[in-house]
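Q: Handing you this structure, nothing more for now.
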Amino acid sequence: MERAEAVRLLKALERCDLHALAIEYGVTVKTVDGRVNKGWAGHVCERYLGLPINSAQSPNFGSWELKSIPLKRLHNGKLGFKETMAITMIDPYNVERTSFENSHLLSKLRKAVIVARVVGTDYSKPTVVHTVTEIDLDEGGELYEAVKHDYEVVQNCLLDPERGFKALTGRMGIYIQPRTKGAGHGSTSRAFYARPKFLAEFIDLSENI
């Protein structure tokens, strides 16, 4: 599916609660053992567009990537980003040997569509689609160069024999950070995450759009 067609279809979901679609498409929101399926909203969007759920590192629609992020209501009543956005896992062997220009990170960000949704205080509250936004990380721009620098900070850490994979920390990166992926402090996996600073470059959080 071409990105323009996907955006057209997804925009029809703006102001809609994704819980109803989760039921329609049989996407599990909460498992029988009581755990919330953290990626359920994204899975709903994939099913809506006719894509089988998968976790491949290549963009999930071939030339472009689909992402879903939660927004929350702040104390001042305005909307804000609830969390950072997972982009792709960090395979140290691959990142050490791959330039930013050929990286999984750039392939995910070069052309993407982000479905931003307003969530409540827990999973059972309405999850309403706020906006559907296209991201184009254009080569040579300031943001492109800043993200490239963040990638190379991670790459240099991996290549440093005195630091390596275990030294990667969420304190790294201005726009993109390497962070633990998975539950608990004992997780050994790491992934690239987009900070709110990156997301704010593209996503309009106003409510009169």
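Every number in this text was worked out from the coordinates using simple rules, so none of it is lab data. The structure displayed is predicted, hence computed values, not measured ones. Here Cβ is always computed from backbone atoms with ideal geometry, including for glycine, and neighbour counts include all displayed protein chains.
Q: Give the relative contact order (percent, whole number) for the stretch 1-159; include only Cα pairs under 8 Å separated by 6+ residues.
A: Working: 209 pairs, mean separation 40.0, N = 159.
After rounding, I find 25 percent.
Q: Using the number of other C-beta atoms within 10 angstrom as an exposure proxy, rank SER103, SER206, SER68 with the fewest first.
A: Details: SER103 18, SER206 9, SER68 23.
Ascending Cβ contact count within 10 Å gives the list SER206, SER103, SER68.
Q: In nm, give the distance between the simple-model label positions of LYS30 and ILE174, each being 7 Å from the Cα along the Cα-to-Cβ direction.
A: In this crude label model, LYS30 to ILE174 measures out at 4.3 nm.
Q: Still on this structure: Grab the beta carbon distance between LYS78 and ASP122, set R0 = 22 Å, and tell me the FRET efficiency rounded to 0.05. Show your work: numbers first, answer last.
A: Details: r = 21 Å, r/R0 = 0.94.
E(calc), rounded to 0.05, equals 0.60.
Q: While we're on this one: Taking the DSSP beta bridges in the stretch 3-199 as the whole, what percent of them are antiparallel, to the nearest 5?
A: Numbers: 23 of 30 bridges.
So the antiparallel bridges amount to about 75 percent of the total.
Q: Ordered by packing density, taken as the mean number of other Cβ atoms within 10 Å over each peptide's residues, highest first, how do 27-34, 5-12 rank?
A: Values: 27-34: 11.1, 5-12: 14.5.
Highest-to-lowest ranking by the protection proxy: 5-12, 27-34.
Q: Pulled fully out, how much extra length does the chain show between ASN102 and LEU49, if you take 0.36 nm times their separation in residues and subtract their Cα-Cα distance?
A: Details: separation 53, 0.36 × 53 = 19.08 nm, distance 2.74 nm.
Here the answer is 16.3 nm.
Q: Now, a different point. Quick one: if you stick a label point 7 Å off each Cα along the C-beta vector at ALA200 and ALA4, how many nm between them?
A: About 3.3 nm, to one decimal.
Q: Return the FRET efficiency for the residue pair ARG15, LYS181: r is the Cβ-Cβ distance, R0 is 41 Å, and the value is rounded to the nearest 0.05. Mind dumping the intermediate values first?
A: On the way: r = 32 Å, r/R0 = 0.77.
For ARG15 and LYS181, the calculated efficiency is 0.80.
Q: Per 10 Å bin, what percent of the C-alpha pairs of the chain does each bin hold, from zero upward?
A: P(r) for the chain, in whole percents per bin: 8, 33, 36, 19, 3, 0.
Q: If each of LYS38 and GLU139 carries a label point 7 Å out from its Cα toward its Cβ, how far apart are those two points in nm?
A: The two pseudo-label positions are separated by 3.3 nm.
Q: Relative contact order of the stretch 1-53, please, whole-number percent, based on alpha carbon pairs below 8 angstrom and at least 6 residues apart. Write out the running numbers ahead of the final one.
A: Values: 31 pairs, mean separation 16.2, N = 53.
This gives 31 percent for the stretch 1-53.
Q: Taking the beta-carbon count within 10 Å as an exposure proxy, list ASP150, ASP204 from fewest neighbours to most. Don't jump to the answer; show the numbers that get you there.
A: Working: ASP150 23, ASP204 13.
Sorted ascending by nearby Cβ count, the order is ASP204, ASP150.
Q: Using the crude model of +1 on Lys and Arg Cβ and -1 on Asp and Glu Cβ, and no other charge, please compute the dipole size for the chain relative to its Cα centre, in debye to 20. Show your work: numbers first, answer last.
A: On the way: 28 positive and 26 negative charges, 167 e Å.
In debye, rounded to 20, the chain gives about 800.
Q: Of ILE87, ILE176, how do they rank once you tally other Cβ atoms within 10 Å and put the fewest first? Provide the component values of the computation, followed by the final result.
A: Numbers: ILE87 21, ILE176 26.
Ascending Cβ contact count within 10 Å gives the list ILE87, ILE176.
Q: Another question about this same structure. As a check on your grasp of the helix formula, calculate [θ] at 222 nm for the chain: sum -39500 (n - 2.57) over DSSP H runs of n ≥ 4, divide by the residue count, round to the nearest 500. Don't skip to the answer; put the middle values down first.
A: Numbers: 7 runs with 60 residues, N = 209.
Value at 222 nm, helices only: -8000 deg cm²/dmol.
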